[in-house]
1. When residues of the range 69-83 are filtered for being at pLDDT below 65 and either farther than 28 Å from ARG43 by Cα or touching a Gly at 6+ places or on another chain (Cβ under 6 Å) (or both), how many remain?
2. Which one is farthest from the chain's Cα centre (by Cα) among residues in the range 194-226 that are buried (at least 16 other Cβ atoms within 10 Å of the Cβ) and not hydrophobic (A, V, I, L, M, F, W, C)?
3. Is there a residue being within 22 Å of ILE182 (Cα to Cα) and exposed (fewer than 15 other Cβ atoms within 10 Å of the Cβ) anywhere in the range 74-87?
4. Of everything in the range 170-195, what is of a type outside the set (Val, Ile, Thr), part of a helix (DSSP H, G or I) and either touching a residue at least 24 places away in the same chain (Cβ under 8 Å) or touching a Pro at 6+ places or on another chain (Cβ under 8 Å) (or both)? Give them in sequence order.
5. Determine whether LEU113 is surrounded by 22 or more Cβ atoms within 10 Å (Cβ to Cβ) and of a type outside the set (Phe, Trp, Tyr).
6. Mind checking which residues of the range 171-193 are surrounded by 13 or more Cβ atoms within 10 Å (Cβ to Cβ) and more than 22 Å from LEU60 (Cβ to Cβ)?
7. Mind counting the residues in the range 105-155 that are within 18 Å of ALA226 (Cβ to Cβ) and hydrophobic (A, V, I, L, M, F, W, C)?
8. Kindly evaluate ALA18 against the criterion of being of a type outside the set (Phe, Trp, Tyr), under 18 Å from the mean Cα position of the chain (by Cα) and either more than 30 Å from VAL129 (Cα to Cα) or at pLDDT 90 or above (or both).
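The values are calculated or read from the model by the stated rules, or taken from the named source; none is laboratory data. The structure presented is a predicted model; accordingly, all values stated were derived computationally and were not measured. All Cβ positions, glycine included, derive from the backbone under ideal geometry; neighbour counts span all protein chains shown.
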Amino acid sequence: MNISLYDLSVWVLPLVLAITFHEAAHAFVADRLGDNTAAQLGRVSFNPVRHIDPFGTLILPAMLLFAHSPFLFGYAKPVPVNFRKLNNPRLDMVWVALAGPATNILLALAAALAFHALPLVPASAAKWVADNLKNALIINAVLAVFNMMPIPPLDGGRVAVGLLPRPLALPLARLEPFGMLILIGLLILLPLAGSQFGLNLDVISAILRTLTGYVIQAVLFLTGNA
């Protein structure tokens with residue numbers, strides 16, 4: 001796989017914007033609901049440097065890309081939230097968690113709406129702008145769906161912990177320290193192990209791809225691009 005400078009220019013910008021807005025949304029909602037921990041650390045910001053994790057956001061996805069991995073995986077600096085400081089800890093945790101994926105859906109809608117303005121773009125830049133918008137739609141849809149997986153510390157896991165009855169929420173919450181290892185196992189190690197025995201165990205990725213496709217179709221339909 002040959003990665004050109006053009007490829008980087010149409011993927012890096014939408015990826016950085018998607019991650020930055022996602023994390024800033026978490027910090028903003030937490031601050032509004034009573035926890036100023038992230039705000040004091042400067043995380044209510046659209047400055048990408050405050051949110052990007054050099055390894056998780058840049059190096060790891062690049063390594064997987066160059067290794068021809070079937071699934072790209074990465075992460076940003078987690079926004080610190082002191083749930084005890086929230087006005088209504090269990091319910092507010094749900095709103096803080098939902099803020100990130102909801103922001104990605106809004107960015108996907110904005111990118112799809114911007115397709116209608118392409119005739120106004122100079123012909124020399126039209127392809128570059130179109131590719132950025134297309135990739136912004138894809139990246140934000142992927143981030144929204146991926147982050148809603150019900151595994152802590154992903155946003156979906158925290159939503160589940162906030163909404164489930166306490167007997168179910170507590171065991172799920174205890175998985176948080178192992179969440180990233182579970183994800184790597186499900187998304188990368190399990191499919192690789194299955195391939196050694198001629199088995200397709202890439203089930204989670206297939207489900208995520210299907211759901212992402214539905215989200216993209218819905219966004220295109222809502223913005224008049226279907």
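1. 3
2. THR223
3. For the range 74-87, residues within 22 Å of ILE182 (Cα to Cα) and exposed (fewer than 15 other Cβ atoms within 10 Å of the Cβ): present.
4. LEU172, ALA173, GLU176, GLY179, MET180, LEU183, LEU187, PRO191, listed by residue number.
5. So LEU113 fails the test.
6. LEU172, ALA173
7. Selection size over the range 105-155: 17.
8. Taking the combined requirement at face value, the residue satisfies it.
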